[in-house]
1. Considering only residues that are open to solvent by 50 Å² or more (accessible area, probe 1.4 Å), within 24 Å of residue 100 (Cβ to Cβ) and in contact (Cβ under 8 Å) with a residue 40 or more places away in the chain, which ones fall in the range 17-47?
2. In the range 103-138, what count of residues is obtained for those that are surrounded by 13 or more Cβ atoms within 10 Å (Cβ to Cβ), part of a helix (DSSP H, G or I) and over 14 Å from the mean Cα position of the chain (by Cα)?
3. What residue, of 74, 70, is open to solvent by less than 30 Å² (accessible area, probe 1.4 Å), modelled with pLDDT of 95 or more and part of a strand (DSSP E or B)?
4. Taking residue 60 and the conditions (1) within 22 Å of residue 79 (Cα to Cα); (2) open to solvent by less than 10 Å² (accessible area, probe 1.4 Å); (3) hydrophobic (A, V, I, L, M, F, W, C), which numbered condition does it fall short on, given that it satisfies the others?
Amino acid sequence: MNDLRIEQVDGDASLLDWRFVHNAIIPTAPLSFAEVTERAGRNRLCVAYAGDVLVGCSTVRPPGAGNPVATVIARILPEHRGRGFGGQLYAHGLELARGLGAEVIETCVLESNPEGLRFALRNGFVETERYVLPGDTVPFIDLRLA
């Protein structure tokens with residue numbers, strides 16, 4: 001397994017790297033720099049590098065007051081999949097979510113990302129809902145860790 005360096009987003013360069021990966025994997029819902037900056041204020045955003053090469057990003061939406069559910073999303077650029085990076089990034093996000101008090105873990109995958117859906121299902125997630133955002137045509141799939 002290759003070494004993966006996972007860093008919390010901190011500053012414009014890592015925000016831009018996070019945004020690049022997100023928009024490459026979720027082309028139907030691209031985010032502006034301002035939107036990513038806002039998300040970084042309420043979620044835990046990380047970027048992942050193999051050496052100096054950007055390979056992925058993650059989002060952990062922390063549990064809220066009285067709500068023990070956290071969302072953990074690991075994204076790996078297609079050209080870097082199949083090397084164990086997704087598993088490492090997911091494990092990092094899961095540990096972070098549980099450290100924040102999460103008792104229930106959810107994730108979300110765009111239907112046009114079959115590799116991401118297979119990864120979630122292999123890691124014990126079960127589908128709970130499919131929905132299309134206003135103006136979109138490709139459904140998102142919400143899943144919960146069983």
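The values are calculated or read from the model by the stated rules, or taken from the named source; none is laboratory data. Just so it is clear, the model here is predicted, and its values are computed rather than measured. Cβ atoms come from the backbone with ideal geometry, glycine included; neighbour counts cover every protein chain shown. Side chains are part of the model used for accessible areas, which takes the heavy atoms of the whole protein and leaves out ligands, DNA and RNA. Shrake-Rupley method; radii C 1.70, N 1.55, O 1.52, S 1.80 Å.
1. 44
2. Qualifying residue count, the range 103-138: 1.
3. None of the other options fit; the residue is 70.
4. (1)
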